[in-house]
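Quick notes on the structure that follows.
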């Protein structure tokens, strides 16, 4: 993939959510579990929060719901 000319708007609104886990296993939605809010701010803030969380809790899954197009976020896939 050619990354030249790709620009990411790190000031774009974004939301970081985490799926609840128990004993490092995702709690099933059938049990009523839903992702909960970790951060609500800019893409930059959410990425920083994600990196802080994964540095401390590397076995837990964190999902990023960014309000941007997948094309804009494709360069970030390498970080996750």
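Within region 41-72, the only residue that satisfies the criterion of being over 18 Å from residue 8 (Cα atoms), surrounded by 13 or more Cβ atoms within 10 Å (Cβ to Cβ) and modelled with pLDDT of 70 or more is 53. Looking across region 8-40, just one residue is surrounded by 14 or more Cβ atoms within 10 Å (Cβ to Cβ), closer than 19 Å to residue 53 by Cα and out of contact with any strand residue (DSSP E or B) (no Cβ under 7 Å at 6 or more places or on another chain), and that is 21. Look at region 4-21: where a residue is over 15 Å from residue 45 (Cβ atoms) and a partner is assigned to a loop (DSSP other than H, G, I, E, B), sitting 6+ places away or on another chain with Cβ atoms under 6 Å, you get 19/35; 19/61; 20/27; 20/33; 21/60.
The values are calculated or read from the model by the stated rules, or taken from the named source; none is laboratory data. Note that the coordinates shown come from a computational prediction; the quantities given were computed from them, not determined experimentally. With ideal geometry, Cβ positions are generated from the backbone for all residues, glycine too; neighbour counts draw on all protein chains shown.
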